[in-house]
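Below you'll find the structure, written out as structure tokens, and then a few comments.
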Amino acid sequence: MELLKKKILDEGIALDKNILKVDSFLNHQVDVNLMMDISTEFYNYFKLKKINKIVTIESSGIAPAFATAYRFNVPLVILKKQQSSILSDELYETKVHSFTKNSDYMLTASKKFLNQGDNILLIDDFLANGEAVLGASRIFKEANCNLAGVGIVIEKSFQPGRDKIEKMGIDIYSLARISKLDKNVIEFK
Ligand code: G4P
């Protein structure tokens, strides 16, 4: 998505080999017009998949996921992160390891909002190691939902997330794919 790549080059700050800061339009301040353009890109790619629910993971996935849910005219479900297990009959939960943050968290969803037969499009802001997507897919399996596709705003292609998702046979579409980061260096695939 050329507009997004331009925004990344104009406003993104590459801190080091691993982290790109995009606080001015995605992670802190949100460019709402860009979010609507992003939703159109995801809609055009996934529109034939009979999506009936958009799912994201709190918190930075919410802006693009909200716009995409609006575009598809379907509900948005936000998977929650908890610091520790809160086992309950009313919740699905799975443990996820974040390599970027070097910590574990519990990903949870209320059983009320994931229904058997749901055809889900998962939207997230960043794809790094793919562990959040894998965790979400475990929850969908337990809920007997189908993960029809994964839409990512910024993929760090030099990290293993995409490979893990493709190996599961899941259709993944990333709007910007970064092949290299370094201090003040941003290169696209
Ligand atoms: P994974 O799910 O792909 O395995 O990714 P990982 O755990 O390694 O990192 C996930 C968290 O780190 C996410 O934030 C993600 O947005 C953030 N992240 C990863 N790489 C970058 C990056 O280059 N730049 C920025 N700005 N963030 C990055 P989170 O823990 O879900 O928190 P939140 O920001 O969504 O609340």
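The values are calculated or read from the model by the stated rules, or taken from the named source; none is laboratory data. Small disclaimer: the values here were computed from a predicted structure and weren't measured. Positions of Cβ are generated from backbone atoms using ideal geometry, with glycine treated the same way; all protein chains shown enter the neighbour counts. With ligands, DNA and RNA removed, areas are computed over all heavy atoms of the protein, side chains included. Shrake-Rupley method; radii C 1.70, N 1.55, O 1.52, S 1.80 Å.
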Next on the checklist: Considering only residues that are more than 21 Å from Asp23 (Cβ to Cβ), of a type outside the set (D, E, K, R) and touching a helix residue (DSSP H, G or I) at 6+ places or on another chain (Cβ under 7 Å), which ones fall in the range 69-98?
Outcome noted: Tyr70, Phe72, Pro75, Leu76, Val77, Leu79, Leu91, Tyr92, Thr94, Val96, His97
Item to check | Of all residues in the range 79-103 being more than 10 Å from the ligand (Cβ to nearest atom), part of a strand (DSSP E or B) and among the charged types (D, E, K, R), the one that is least open to solvent (accessible area, probe 1.4 Å) | outcome: Glu93
Item to check | Restricting the range 1-30 to residues that are over 24 Å from Ser98 (Cβ atoms) and acidic (Asp, Glu), the residue that is nearest to the ligand (Cβ to nearest atom) | outcome: Glu11
Checklist outcome for this item: Those residues of the range 15-30 which are open to solvent by 60 Å² or more (accessible area, probe 1.4 Å) and in a strand (DSSP E or B) amount to Lys21
Item to check | Hits in the range 64-78 - residues which are of a type outside the set (Val, Ile, Thr), open to solvent by 30 Å² or more (accessible area, probe 1.4 Å) and either closer than 14 Å to Ile152 by Cα or not in a helix (DSSP H, G or I) (or both) | outcome: Phe66, Asn73, Pro75, Leu76
Next on the checklist: I'm told Val153 meets every condition in (1) open to solvent by 20 Å² or more (accessible area, probe 1.4 Å); (2) under 22 Å from Ala67 (Cα atoms) except one. Can you identify the failing condition by its number?
Outcome noted: (1)
Checklist entry - Does Ala132 satisfy the criteria of being small (Gly, Ala, Ser), under 12 Å from the mean Cα position of the chain (by Cα) and either outside any strand (DSSP E or B) or surrounded by 15 or more Cβ atoms within 10 Å (Cβ to Cβ) (or both)? => result yes
Next on the checklist: Filter the range 31-59 down to the residues that are surrounded by fewer than 19 Cβ atoms within 10 Å (Cβ to Cβ) and within 16 Å of the ligand (Cβ to nearest atom) and list them by number.
Outcome noted: Asp31, Glu58, Ser59
